[in-house]
Amino acid sequence: MALSGVYAVASKDIVFESFDGEAVVLDLSNGKYFGFSDSGSKVWQALSSGVGTEALILSAEGAAMVGADALETFVARLVELGLLAPSSATPLPSPDDLPAALAAASEPLDVSVHDDLADLITVDPIHEVEEPLGWPAVKQVP
């Protein structure tokens, strides 16, 4: 798979947060959540914020854990998992601190998939309410 110029989060059902530099991604549609290696977290954060792949490859030069081939394989995996999709947006430049962060990474690019909480996440009624009503919806008494 040839890298697209820029990627975006594939769906509004994909939510993510970074905790102490480690990204955790949750797919609300199927309840799976995803953990990343330290280098994977940095790359996810860059790609999901619109950093172009060319800028990302340049930022990874000299990083032992992130090379162009590994990056291509990692992005293909994120697309396969439904987390990212090619975008027609204008690519953003790489953050100034990204080359140092990638050079300091101690783990190769990796994403792990977890579905042990999928049943709980997909059943959670808070995600299946009408937006203007909120949760819990208070019944109106005539």
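The values are calculated or read from the model by the stated rules, or taken from the named source; none is laboratory data. Note that the structure is a prediction, hence the values are computed from the model and not measured. We place every Cβ from the backbone using ideal geometry, glycine too, and count neighbours over all the protein chains shown. These accessible areas exclude ligands, DNA and RNA; they are computed on the full protein's heavy atoms, side chains included. Shrake-Rupley method; radii C 1.70, N 1.55, O 1.52, S 1.80 Å.
The label-point distance for GLU54 and VAL79, in a model that sets each label 7 Å from Cα toward Cβ, rounds to 1.8 nm.
In Å², what does the accessible area per residue of the range 65-105 work out to with a 1.4 Å probe?
Per residue, the range 65-105 has 54 Å² of solvent-accessible surface.
Under a 5 Å amide H cut-off, with hydrogens placed 1.01 Å from N, GLY5 pairs with nothing among residues at least 5 apart or on other chains. What a 1.4 Å probe finds exposed on the range 7-123 is 55% carbon and sulfur by accessible area, rounded to a whole percent. Taking the convex hull of the alpha carbon positions in the range 7-123 and averaging its projected area over all directions gives 6.9 nm². Between GLU72 and LYS12, the modelled labels are 3.6 nm apart [label points 7 Å from Cα along Cα→Cβ].
Distance between the modelled labels on ASP110 and ASN30, one decimal in nanometres: 2.1 nm (7 Å Cα→Cβ projection).
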